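First up is the structure itself, then whatever we jot down about it.
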Amino acid sequence: MTNQWFEAIAPEMIEDLFEDLLVEASEEEHASILFNLLQNCLGLATRGAQTGQEALQRDGVVGAVVILSFLREHLRSDSSDPANGVLRRFYSAAHRQIIKAHRDAAVGRFREISASIAKVIQKPYSTCFYHNCMQESVITKLDLKRLIRSPDVSQVIGRLDHAMPTFSGGAE
């Protein structure tokens, strides 16, 4: 049912829905949105690698790299908090692993990256993780809107893969 609803509306409208969601969301929910988009990108990349659809894999990889770069670029440069360094290393390591997985079309590696991200964005770690992300980042709603409207992310938002759950819920 959810996929049918998304298919019935134009990609621009989906972007508008995301923008509306950002206006209403808290900072920690912003982080959740970003990481769920990241997971969706990784799911597309995995599906593309599984099925030999190079364009699907590439689009998922590009979206994931853009989101990780965005997160890394928006980390506070003046912070001495250990969480800042941990996040910076986490984003950089995920970025490198995604590039290697893409180069090798390695389905297993894409799944490993997705699993490692899933560990920190699900209970019991998610609350602390999202809190640290937002404490150590300087991200405005305008920055998030620009990211969502960027061609590399918006094309992934509008692309549905029926084998994947929409967003993080998985329920139809």
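State, to one decimal in nm, how far the label point of I99 lies from the label point of D81, with both points 7 Å from Cα in the Cβ direction.
Result: 2.8 nm between the two label points.
If a/c stays under 1.5 just call it rounded; otherwise compare a/b with b/c (prolate if a/b is bigger, oblate if not). Do that for the range 48-144, with a ≥ b ≥ c from the square roots of the Cα gyration tensor eigenvalues.
Numbers: a/c = 2.23, a/b = 1.78, b/c = 1.25.
Prolate, since a/c reaches 1.5 and a/b exceeds b/c.
Expected output is a single nm value to one decimal: the length gained when fully extending between L17 and C128, i.e. 0.36 nm times separation in residues minus the C-alpha distance. What is it?
Details: separation 111, 0.36 × 111 = 39.96 nm, distance 2.69 nm.
Length gained between L17 and C128: 37.3 nm.
From the mean inverse distance of alpha carbon pairs (Kirkwood) and the Cα radius of gyration, derive Rg over Rh for the range 27-78. Don't skip to the answer; put the middle values down first.
On the way: Rg = 12.7 Å, Rh = 11.5 Å.
Ratio of gyration radius to Kirkwood radius: 1.10.
For the range 79-131, what is one quarter of the convex hull surface built on the Cα atoms, given in nm²?
Working: hull surface 15.5 nm².
Computing the convex hull of the Cα atoms and averaging its projections yields 3.9 nm².
Bear in mind these aren't lab numbers, they're just calculated from the coordinates by the rules spelled out. Computed from a prediction, not measured in an experiment: that's the story for all the values here. Neighbour counts run over all protein chains shown; Cβ positions are idealised from the backbone, glycine included.
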